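The values are calculated or read from the model by the stated rules, or taken from the named source; none is laboratory data. Computed from a predicted structure; not experimentally measured. So basically every Cβ, Gly included, is an ideal-geometry build from the backbone, and we count neighbours across all protein chains shown. Heavy atoms of the whole protein, side chains included, go into the accessibility calculation; ligands, DNA and RNA do not. Shrake-Rupley method; radii C 1.70, N 1.55, O 1.52, S 1.80 Å.
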Amino acid sequence: MKFLFFTDAHIRGNNPRSRKDNFYETLKEKLNELVDVAQDNKIDHIIFGGDLFDRPDISLAVVKDFIKIIKNFPLPILCVIGNHDVYGQNPYTVNRTVLGLLEELGIVEFLSNAPKIINTEHNKTIQITGSHYFYDIDGPDKVSYIVKEKKCDYAIHVAHGFLLEKPFNNEVKYTLIDDIASTTLADITLVGHYHSGFGVKKYNDKFFVNPGAISRISNTVSEIYRTPSYVIIEIDENINISISKLQCAKKGEDVLDREKLFVEQNKTILFNEFVHQITSYGNFEILKLENIISEIAEHEKLGDEIKKEALEKIALAQDLISKEEVNLE
């Protein structure tokens, strides 16, 4: 039984401001290559790690273009819901989204806590479960990453969350592989969301996999030196996992604007300083946040661009601001 896993396509109709190429055409080229990989390797099932779309209400003209490619995969694509696929990071809004439409059409199949059972040619059974993204997926309760029941030979679990192999900034909620490795019964845990990825890691005969996003959205140093990749999982008497780079993916410096990288870094520094100013001014529970931001922006002589971005992003909470710095789109 062979599975192809990739994650974070972020389908969109326009160019991210950091890109020098035509992102739309580049992404179609990547998906066409993945279709070829699936056909050449006789893949049985496609597993996707979330954020198929960059926003929940993407243009139907764009969707139509990409469906033509996606329909060449073995369908349905087994997937979890990413934060960009839905409104307000709420998976319960999926019925109002383009991804929800694809589920109704049978193009994708949402994974859940209820195991999907697959039988192999060697009379082995594989269960696949999944956890969609929600705001507190990386809170104190790590249950979304943990498989508690295994009534099969092999268990695969898929999640869209900030799973890491080593500690990160304490201002950002994350989950360490060490937090779940001894508890989960899954033989393979597949994750998306963290665009840089960490490859394939093995802990106590359990595999934890994040190949990184197939799309490069953020203009960061790590993205410039990263090549989008995919994973092939083969299960028979053993588990074999290989990670490969997309051959069509161009070098980072050819598609990401380095000049804009420095502009974005300076902008991020100013914005984070602005956030710290807000939190240091005291308790504003009874005041309108818009008024607070305007007041502080005027007092600190910050430009309208910084003020506008603060108004747009402050409601998303500071942890999302921090995630932008580490390439979480």
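Some notes on this structure:
- Pair list, Cβ under 9 Å, 6 or more apart: the stretch 1-15 residue of a type in the set (G, A, S), other residue crowded, with 24+ Cβ neighbours inside 10 Å and in a strand (DSSP E or B): A9/F48
- Here the stretch 3-15 is the region considered, the condition is being in contact with a helix residue (DSSP H, G or I) (Cβ under 8 Å, 6 or more places away or on another chain) and surrounded by 17 or more Cβ atoms within 10 Å (Cβ to Cβ), and the residue that is nearest to S229 (Cα to Cα) is F6.
Matching residues to (1) within 22 Å of S196 (Cβ to Cβ); (2) not acidic (D, E):
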position	(1), (2)
F3	no, yes
N14	no, yes
R19	yes, yes
F23	yes, yes
T26	yes, yes
E29	yes, no
E33	yes, no
Q39	no, yes
I46	no, yes
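- When the stretch 106-141 is filtered for residues that are touching a Leu at 6+ places or on another chain (Cβ under 6 Å) and among the small types (G, A, S), only G130 remains.
- Residue pairs whose Cβ atoms lie under 7 Å apart, separated by 6 or more positions or on different chains, with the first residue in the stretch 210-223 and at pLDDT 95 or above and the second part of a strand (DSSP E or B) and of a type in the set (A, V, I, L, M, F, W, C), are N210/L163; N210/V191; P211/F6; P211/V231; P211/I243; I214/F6.
- Residues that are outside any loop (DSSP other than H, G, I, E, B) and either within 16 Å of E109 (Cα to Cα) or open to solvent by less than 50 Å² (accessible area, probe 1.4 Å) (or both), drawn from the stretch 66-83: F66, I67, I69, I70, I77, L78, C79, N83
- Test result for I117, modelled with pLDDT of 95 or more, closer than 22 Å to L34 by Cα and in contact with a strand residue (DSSP E or B) (Cβ under 8 Å, 6 or more places away or on another chain): no
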